[in-house]
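Undergrad: Take a look at the following structure, please.
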Amino acid sequence: MAAKDLFQELKFRDPVRARALSEAIGHEVAALGRRVSVMHVCGSHEQAIARFGLRAVLPPDLELIMGPGCPVCVTDGPEVDEAVALAVQGARVCTYGDMLRLPGTARSLADAQAEGAKVDVVYSVSQALELAEKHPADEVVFLGSGFETTAVATAAVALANPPKNFSILSVHKYVPAAMNVVAESPETNIEGYIAAGHAAIITGWGIFEPFAARTGKPVVVAGFEPLDILAAILKLTELMRAGKPEVANVYPRCVTKEGNLAAQRSLWKVFRPVTGRWRGIAEVRDGNLDLTPEYAHLDARKRFRIDTSPVRDEEAEEAAKGCICGSIMLGLANPGDCALFGRACVPESPVGACMVSSEGQCRIWHTYGGVPDLRKVGT
Amino acid sequence: MEKPQAKIGLKHGSGGRAMRQLIEDVFLTLASPVDGIGLSALDDGAAIRVGDRWLVVTTDSHVVHPIFFPGGDIGRLSVSGTVNDLAMMGATEPLGLTCAVVLEEGFPRADLERVVASMRETAREANAPIVTGDTKVMGKGEVDGIVLNTTGVALADRVVSDAGLRAGDLVIVTGTIGDHGMAIMSRRHDLRLEGDLRSDVAPLNGLVREALRAGGEDVVAMKDPTRGGVAGVLHEMAAKGKVGIVIDETALPVRDEVRAAGEMIGIDPLLVANEGKAVIGVRARSADKVLAALRAHPLGASAIVIATAIGERPGAVILDTGFGKRMLAEPEGELLPRIC
Amino acid sequence: MCLGVPGKVLAIDGMSATVDFFGVRKELRLDIVDEPVSVGDYVLNHVGFAIRRIPPDEVQETLALFDQILDVSGAKADLMAADVRGEIAAAKHKE
């Protein structure tokens with residue numbers, strides 16, 4: 001099948017089949033007979049859900065909540081301060097575009113760039129490697145952001161003995177930790193989970209079996225086309241109605257049970273999960289991926305004395321403690337309940353992850369004054 | 001350590017909300033009443049009454065990087081940009097253009113001659129004489145290569161603002177969207193994408209003349225979707241016309257290469273700049289006539305209706321994706337490749 | 001969390017492959033792909049790395065999976081009706 005056919009034939013965007021799936025979801029939720037909340041933990045799922053307007057075709061009694069699934073948005077202020085401090089100290093900081101405007105406690109890499117610091121947006125970590133070769137006199141620091149799918153690419157570069165002036169400031173995050181944070185919170189009312197499809201390519205869907213058994217909640221692995229997501233939600237509602245806490249793989253074209261073993265070996269050679277603070281949530285066990293001692297020679301936190309004092313704003317850091325993104329992500333509160341919402345926390349200077357992400361709950365509430373119900377508009 | 005907002009950032013120049021805020025807060029203080037469309041209208045240009053006609057004036061500075069790109073260069077961009085801004089106001093016969101250039105010491109003369117040749121050719125294509133100009137040179141490193149400003153003047157019997165949409169009107173785009181911005185972005189961020197990603201930069205006064213001849217008074221709003229893309233223009237038209245706009249996403253004309261590049265770097269073609277397209281608001285009764293006229297012109301071959309103005313939710317732009325509807329956010333600042 | 005776009009491998013040179021994404025070509029690194037890749041295969045790109053080789057018949061299998069999930073929920077009948085309605089609408093559109 002030619003690439004073009006794959007795209008045009010991509011039945012995964014076929015509105016007719018989508019209506020059938022959403023009608024079926026309606027039957028399942030009606031059969032459940034009550035309001036029910038399910039959560040996904042992936043920024044790209046939220047992008048696809050928002051981009052195709054899928055919430056508008058889901059039954060009102062099914063609440064599809066965006067969990068802490070955007071690795072960029074949960075990156076904490078002090079972690080960004082480290083990157084900004086390195087740039088201000090003269091290093092050449094390479095970053096993915098998503099991280100450029102993410103503010104630390106006071107400033108973002110874009111602010112540092114505006115003041116003349118060397119900050120390069122790259123599409124791939126391999127470009128950062130090329131910049132290190134092109135500028136031997138510069139200390140090139142790659143700001144490694146993203147979940148394990150992206151961390152594996154960073155690991156591949158670390159394993160290919162990069163030049164001496166190349167180092168990594170890791171703010172990579174780990175998906176299973178995001179789901180544990182939610183499941184272990186006492187007040188959670190989440191009854192089913194949609195797992196991140198591309199992270200599961202690396203880790204395999206088997207990794208979620210202990211989670212489903214421990215929490216008694218079903219998990220489905222979903223792709224990123226509208227039909228992928230609707231089919232996954234339908235499967236999830238079926239498992240919930242049948243009371244089966246199982247793991248279902250609804251993305252077989254990409255995900256297998258054991259995953260990409262070679263990639264897992266590289267990943268766990270270079271990185272290890274450690275506990276860390278996620279923006280607006282709290283300490284997340286195994287939430288961050290740090291470089292292992294064996295790769296300390298590439299760790300920017302070990303190679304440089306990073307002095308964040310000139311770029312930190314203690315007051316803002318203190319005020320950020322009032323952020324309730326944690327409970328918003330659990331669907332237990334809405335942005336209106338937060339003291340910072342619309343005052344200290346606005347799109348230009350976001351405090352919590354829900355205001356940073358273009359699809360975050362607080363960003364949507366701030367832009368549209370609540371979640372607009374568009375079902376009947378223009379009909 | 002003063003608040004970062006005290007400094008100008010790249011976002012202030014990229015056609016989104018931040019730029020609009022800067023203009024409203026700083027530059028609108030220059031506005032003074034004028035008999036016609038002045039600064040405060042924030043339209044493509046100004047229109048000042050002269051007897052029973054309008055003198056339409058527009059100015060633009062061009063700082064595209066790289067200056068030579070697939071499908072065009074800064075020379076063609078500078079002439080087309082001003083000719084198009086005049087055309088969007090309804091002035092399709094420019095009386096004259098100016099060309100003020102600021103050059104960096106050491107700028108290659110051969111590149112300058114290539115840029116000027118391209119300006120000459122585009123001016124001839126648009127039948128727009130270049131009548132005066134200015135040349136400045138700054139020290140090495142004090143300016144980035146070349147900055148090119150063009151101003152255009154024309155007389156028009158009727159001015160078309162970008163505020164004329166009413167409920168029930170239809171919105172036409174004159175061809176595929178995202179071509180220019182995606183061509184530039186794939187070069188600038190060293191994305192190393194190979195393929196037919198080329199700018200659509202072209203003068204549109206001939207095309208707009210046909211649309212006005214076919215639709216006359218029923219052509220009620222026009223704007224060229226440059227920085228901020230079609231999304232930016234529709235937000236402006238919705239706000240100024242005090243109407244809601246519902247876009248039919250399945251109707252949006254996007255070339256495969258632009259769609260593929262957009263999917264790979266996480267950027268929606270609706271937000272990407274165009275330099276050879278117009279967004280035209282038209283009363284429903286004349287939509288077919290205007291479409292036929294546009295499609296008969298080489299630059300309008302794939303013109304199509306993409307949206308409808310509605311009375312509900314004034315100022316909002318809603319995207320009907322074919323699956324469900326969602327609000328379309330206003331472009332923020334500079335578009336960057338995304339991973340998440 | 002990541003924008004995986006499927007593309008077709010046009011050529012391979014050591015650890016680098018030229019991949020076509022619906023008319024746009026890009027070099028991808030093969031360091032972390034899960035299986036050996038050959039020309040004509042489909043791969044999933046993420047930040048310039050091929051992270052998965054997509055077996056060609058997976059597209060059909062995914063569609064079959066959707067039908068199977070719909071079947072279990074007894075909505076298959078509606079889908080058939082929907083498909084028929086879809087065909088009629090499509091035919092009318094072409095007149």
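Undergrad: Here is a check on your reading of the model: is A:Ser266 of a type in the set (Ser, Thr, Tyr) and at the interface with another protein chain (Cβ under 8 Å from one of its Cβ atoms)? Show your work before the answer.
TA: Numbers: of a type in the set (Ser, Thr, Tyr): yes; at the interface with another protein chain (Cβ under 8 Å from one of its Cβ atoms): yes.
Considered against the rule, which asks whether it is of a type in the set (Ser, Thr, Tyr) and at the interface with another protein chain (Cβ under 8 Å from one of its Cβ atoms), A:Ser266 comes out as yes.
Undergrad: Just to check your reading of the model, which residue among B:Leu95, B:Leu112 is surrounded by fewer than 18 Cβ atoms within 10 Å (Cβ to Cβ), assigned by TED's automatic domain parsing to the domain that holds B:Pro70, in contact (Cβ under 8 Å) with a residue 24 or more places away in the chain and under 30 Å from B:Ser286 (Cα atoms)? Before the answer, list the steps.
TA: Working: B:Leu112 fails: under 30 Å from B:Ser286 (Cα atoms).
Of the residues listed, the single one that is surrounded by fewer than 18 Cβ atoms within 10 Å (Cβ to Cβ), assigned by TED's automatic domain parsing to the domain that holds B:Pro70, in contact (Cβ under 8 Å) with a residue 24 or more places away in the chain and under 30 Å from B:Ser286 (Cα atoms) is B:Leu95.
Undergrad: Looking at region B:102-119 only, could you name the residues that are over 21 Å from the mean Cα position of the chain (by Cα), under 20 Å from B:Thr59 (Cβ atoms) and not β-branched (Val, Ile, Thr)?
TA: Filtering region B:102-119 for residues over 21 Å from the mean Cα position of the chain (by Cα) gives B:102-114, B:116-117.
Adding the requirement that they be under 20 Å from B:Thr59 (Cβ atoms) leaves B:102-103, B:116.
Answer for region B:102-119, where residues must be over 21 Å from the mean Cα position of the chain (by Cα), under 20 Å from B:Thr59 (Cβ atoms) and not β-branched (Val, Ile, Thr): just B:Leu103.
Undergrad: Sticking with this structure for a sec: Under the condition of being surrounded by fewer than 17 Cβ atoms within 10 Å (Cβ to Cβ) and assigned to a loop (DSSP other than H, G, I, E, B), which residue from region A:5-25 is modelled with the lowest pLDDT? Spell out the reasoning first.
TA: Within region A:5-25, the first condition is being surrounded by fewer than 17 Cβ atoms within 10 Å (Cβ to Cβ), and the residues that meet it are A:5, A:8-11.
Right, trim to assigned to a loop (DSSP other than H, G, I, E, B) and you get A:9-10.
Numbers: A:Glu9: 47, A:Leu10: 52.
For region A:5-25, the residue satisfying everything is A:Glu9.
Undergrad: If you don't mind, another one. Do any strands (runs of 3 or more DSSP E) entirely within region B:78-180 hold 2 or more residues that are hydroxyl-bearing (Ser, Thr, Tyr), and if so, which?
TA: Details: elements: B:94-104, B:130-138, B:146-156, B:170-173.
Of the strands (runs of 3 or more DSSP E) lying wholly inside region B:78-180, those with at least 2 residues that are hydroxyl-bearing (Ser, Thr, Tyr) span B:130-138, B:146-156.
Undergrad: Residues being under 17 Å from A:Val250 (Cα atoms), of a type in the set (Asp, Glu) and more than 7 Å from every other protein chain (Cβ to nearest Cβ): count how many of those fall in region C:36-69.
TA: Here the count works out to 2.
Undergrad: Can you find a residue that is in contact with a Lys or Arg (Cβ under 9 Å, 6 or more places away or on another chain), of a type in the set (Val, Ile, Thr) and within 27 Å of B:Arg187 (Cβ to Cβ) anywhere in region B:89-103?
TA: Of all residues in region B:89-103, those in contact with a Lys or Arg (Cβ under 9 Å, 6 or more places away or on another chain) come to B:90, B:92-93, B:100-103.
Filter once more, keeping what is of a type in the set (Val, Ile, Thr): B:92, B:101-102.
Narrowing further to those that are within 27 Å of B:Arg187 (Cβ to Cβ): B:101-102.
Within region B:89-103 (the criterion being in contact with a Lys or Arg (Cβ under 9 Å, 6 or more places away or on another chain), of a type in the set (Val, Ile, Thr) and within 27 Å of B:Arg187 (Cβ to Cβ)), the answer is yes, since at least one residue qualifies.
Undergrad: Taking region A:293-321, which residues are buried (at least 16 other Cβ atoms within 10 Å of the Cβ) and not in a helix (DSSP H, G or I)? Let's see the steps before the verdict.
TA: Taking region A:293-321 as the starting set, the residues that turn out to be buried (at least 16 other Cβ atoms within 10 Å of the Cβ) are A:295, A:298-301, A:303-304, A:306, A:308, A:311-313, A:316-317, A:319-320.
Answer for region A:293-321, where residues must be buried (at least 16 other Cβ atoms within 10 Å of the Cβ) and not in a helix (DSSP H, G or I): A:Asp299, A:Phe304, A:Ile306, A:Thr308, A:Arg312, A:Asp313.
Undergrad: Name the single residue, out of those in region A:78-109 being of a type in the set (Gly, Ala, Ser) and within 14 Å of chain B (Cβ to nearest Cβ), that is farthest from A:Leu330 (Cα to Cα). I'd like the intermediate steps shown before the answer.
TA: Keep residues of region A:78-109 that are of a type in the set (Gly, Ala, Ser), which gives A:83, A:85, A:87, A:90-91, A:97, A:104, A:106, A:108.
Applying the additional criterion that residues be within 14 Å of chain B (Cβ to nearest Cβ) yields A:85, A:87, A:97, A:104, A:106, A:108.
Values: A:Ala85: 33, A:Ala87: 35, A:Gly97: 27, A:Gly104: 24, A:Ala106: 27, A:Ser108: 27 Å.
Selected residue: A:Ala87.
Undergrad: Let me ask you something else. Go through B:Ala183, B:Ala221, B:Ala211 for me and flag whichever is open to solvent by less than 10 Å² (accessible area, probe 1.4 Å), within 16 Å of B:Val160 (Cβ to Cβ) and part of a helix (DSSP H, G or I). Talk me through it step by step, then tell me what you get.
TA: Working: B:Ala183 fails: within 16 Å of B:Val160 (Cβ to Cβ); B:Ala221 fails: part of a helix (DSSP H, G or I).
So the residue among B:Ala183, B:Ala221, B:Ala211 that is open to solvent by less than 10 Å² (accessible area, probe 1.4 Å), within 16 Å of B:Val160 (Cβ to Cβ) and part of a helix (DSSP H, G or I) is B:Ala211.
Undergrad: Another question, if that's okay. Looking at B:Arg53 and the list (1) open to solvent by 80 Å² or more (accessible area, probe 1.4 Å); (2) closer than 29 Å to B:Leu336 by Cβ, which single condition is not satisfied?
TA: B:Arg53 satisfies every listed condition except (2).
Undergrad: Then there's this: Scan B:Asp196, B:Asp179, B:Asp200, B:Asp190 and give me the residue that is within 14 Å of chain C (Cβ to nearest Cβ) and within 15 Å of the chain's Cα centre (by Cα).
TA: Only one candidate qualifies: B:Asp179.
Undergrad: Name the pairs whose Cβ atoms lie under 7 Å apart, with the first residue in region A:89-100 and touching a residue at least 24 places away in the same chain (Cβ under 8 Å) and within 12 Å of A:His135 (Cβ to Cβ), the second in a strand (DSSP E or B) and among the polar types (S, T, N, Q), and 6 or more positions between them or separate chains?
TA: From region A:89-100, no pairs qualify.
Undergrad: Which ones in region A:149-177 are at the interface with chain C (Cβ under 10 Å from one of its Cβ atoms) and either within 19 Å of A:Ala213 (Cα to Cα) or of a type in the set (S, T, N, Q) (or both)? Lay out the reasoning, then the answer.
TA: In the first step, residues of region A:149-177 are kept if they are at the interface with chain C (Cβ under 10 Å from one of its Cβ atoms); the result is A:149-150, A:152-157, A:159-160, A:173, A:175.
Answer for region A:149-177, where residues must be at the interface with chain C (Cβ under 10 Å from one of its Cβ atoms) and either within 19 Å of A:Ala213 (Cα to Cα) or of a type in the set (S, T, N, Q) (or both): A:Thr149, A:Thr150, A:Thr154, A:Val175.
Undergrad: Now for a different question. Are there any pairs with C-beta distances below 7 angstrom linking a residue in region B:29-52 that is in contact (Cβ under 8 Å) with a residue 60 or more places away in the chain and aliphatic (A, V, I, L, M) to a residue that is part of a loop (DSSP other than H, G, I, E, B) and surrounded by 10 or more Cβ atoms within 10 Å (Cβ to Cβ), with the two at least 6 apart or on different chains, and if so which?
TA: Once the first residue is in contact (Cβ under 8 Å) with a residue 60 or more places away in the chain and aliphatic (A, V, I, L, M) and sits in region B:29-52, its partners that are part of a loop (DSSP other than H, G, I, E, B) and surrounded by 10 or more Cβ atoms within 10 Å (Cβ to Cβ) give B:Ile37/B:Asp43; B:Ile37/B:Val159; B:Ile37/B:Ser161; B:Ala41/B:Ser161; B:Ala47/B:Met89; B:Ala47/B:Val159.
Undergrad: State all residues of region B:261-311 that are more than 23 Å from B:Ala238 (Cα to Cα), at pLDDT below 95 and either among the polar types (S, T, N, Q) or in contact with a Leu (Cβ under 6 Å, 6 or more places away or on another chain) (or both); if no residue qualifies, say none.
TA: Correct list: B:Ala261, B:Gly266.
Undergrad: What do you reckon, is A:Val284 β-branched (Val, Ile, Thr), more than 30 Å from A:Cys345 (Cα to Cα), crowded, with 19+ Cβ neighbours inside 10 Å and assigned by TED's automatic domain parsing to the domain that holds A:Gly90? Step through it out loud before you land on a result.
TA: Numbers: β-branched (Val, Ile, Thr): yes; more than 30 Å from A:Cys345 (Cα to Cα): no; crowded, with 19+ Cβ neighbours inside 10 Å: yes; assigned by TED's automatic domain parsing to the domain that holds A:Gly90: yes.
Here the answer is no, as A:Val284 does not meet what is asked.
Undergrad: Here is a follow-up. I'm trying to understand the selection: among the residues of region A:328-360, which are buried (at least 18 other Cβ atoms within 10 Å of the Cβ), within 21 Å of the chain's Cα centre (by Cα) and away from chain B (no Cβ under 14 Å)?
TA: A:Ile328, A:Met329, A:Leu330, A:Gly331, A:Pro335, A:Cys345, A:Val351, A:Gly352, A:Cys354
Undergrad: Determine which member of the set C:Gln60, C:Gln68 is open to solvent by 40 Å² or more (accessible area, probe 1.4 Å), assigned to a helix (DSSP H, G or I) and either in contact with a Ser or Thr (Cβ under 9 Å, 6 or more places away or on another chain) or modelled with pLDDT of 75 or more (or both). Please lay out each step first, then the result.
TA: Values: C:Gln60 fails: either in contact with a Ser or Thr (Cβ under 9 Å, 6 or more places away or on another chain) or modelled with pLDDT of 75 or more (or both).
So the residue among C:Gln60, C:Gln68 that is open to solvent by 40 Å² or more (accessible area, probe 1.4 Å), assigned to a helix (DSSP H, G or I) and either in contact with a Ser or Thr (Cβ under 9 Å, 6 or more places away or on another chain) or modelled with pLDDT of 75 or more (or both) is C:Gln68.
Undergrad: OK, next. Looking at region B:297-338, which of the residues that are facing chain A (nearest Cβ under 7 Å) and either touching a Ser or Thr at 6+ places or on another chain (Cβ under 6 Å) or of a type in the set (Gly, Ala, Ser) (or both) is most open to solvent (accessible area, probe 1.4 Å)?
TA: Of everything passing the filter in region B:297-338, B:Ala329 is most open to solvent (accessible area, probe 1.4 Å).
Undergrad: If you don't mind, another one. Test each condition in (1) open to solvent by less than 10 Å² (accessible area, probe 1.4 Å); (2) within 16 Å of the chain's Cα centre (by Cα); (3) more than 14 Å from chain C (Cβ to nearest Cβ) for B:Arg227 and report the one that comes out false.
TA: Status for B:Arg227: all satisfied but (1).
Undergrad: Given the criterion open to solvent by 10 Å² or more (accessible area, probe 1.4 Å) and within 11 Å of another protein chain (Cβ to nearest Cβ), identify the matching residue among A:Ala117, A:Ala50, A:Ala112, A:Ala137.
TA: On the way: A:Ala117 fails: within 11 Å of another protein chain (Cβ to nearest Cβ); A:Ala112 fails: open to solvent by 10 Å² or more (accessible area, probe 1.4 Å); A:Ala137 fails: within 11 Å of another protein chain (Cβ to nearest Cβ).
Answer to the selection: A:Ala50.
Undergrad: If a residue must be under 26 Å from the mean Cα position of the chain (by Cα) and open to solvent by 40 Å² or more (accessible area, probe 1.4 Å), how many such residues does region B:120-140 contain? So that I can check it myself, show each step before the final result.
TA: Here is the first cut: in region B:120-140, the ones under 26 Å from the mean Cα position of the chain (by Cα) are B:120-135.
Right, trim to open to solvent by 40 Å² or more (accessible area, probe 1.4 Å) and you get B:120-121, B:124-125, B:127, B:129-135.
Selection size over region B:120-140: 12.
Undergrad: State whether one or more residues within region C:11-20 are modelled with pLDDT of 70 or more, more than 7 Å from chain A (Cβ to nearest Cβ) and in a loop (DSSP other than H, G, I, E, B). Even if it seems obvious, please write down each step before you answer.
TA: Taking region C:11-20 first, the residues modelled with pLDDT of 70 or more are C:11-20.
Adding the requirement that they be more than 7 Å from chain A (Cβ to nearest Cβ) leaves C:11-19.
Those still in the list that are in a loop (DSSP other than H, G, I, E, B) too: C:14-15.
Scanning region C:11-20 turns up at least one residue that is modelled with pLDDT of 70 or more, more than 7 Å from chain A (Cβ to nearest Cβ) and in a loop (DSSP other than H, G, I, E, B).
Undergrad: Right, here's the next one. Inspect all residues belonging to region A:231-254 and state whether any of them is within 22 Å of the chain's Cα centre (by Cα), within 20 Å of A:Ala153 (Cα to Cα) and open to solvent by less than 60 Å² (accessible area, probe 1.4 Å).
TA: Checking region A:231-254: at least one residue is within 22 Å of the chain's Cα centre (by Cα), within 20 Å of A:Ala153 (Cα to Cα) and open to solvent by less than 60 Å² (accessible area, probe 1.4 Å).
Undergrad: To continue, here is another question. I need the full set of residues from region A:142-171 which are under 18 Å from the mean Cα position of the chain (by Cα) and closer than 17 Å to C:Gly48 by Cα, in order please.
TA: Passing the criteria: A:Leu143, A:Gly144, A:Ser145, A:Gly146, A:Phe147, A:Glu148, A:Thr149, A:Thr150, A:Ala151, A:Val152, A:Ala153, A:Thr154.
Undergrad: Now for a different question. What single numbered condition from (1) surrounded by fewer than 24 Cβ atoms within 10 Å (Cβ to Cβ); (2) within 14 Å of chain C (Cβ to nearest Cβ) fails to hold for A:Ala128?
TA: Of (1) surrounded by fewer than 24 Cβ atoms within 10 Å (Cβ to Cβ); (2) within 14 Å of chain C (Cβ to nearest Cβ), only one is false for A:Ala128: (1).
The values are calculated or read from the model by the stated rules, or taken from the named source; none is laboratory data. Every value quoted in this text rests on a predicted model; they were computed, and no experiment measured them. Note that each Cβ is placed from the backbone with ideal geometry, even for glycine, and that neighbours are counted across all protein chains shown. Keep in mind that these areas ignore ligands, DNA and RNA; they rest on the heavy atoms of the full protein, side chains included. Shrake-Rupley method; radii C 1.70, N 1.55, O 1.52, S 1.80 Å.
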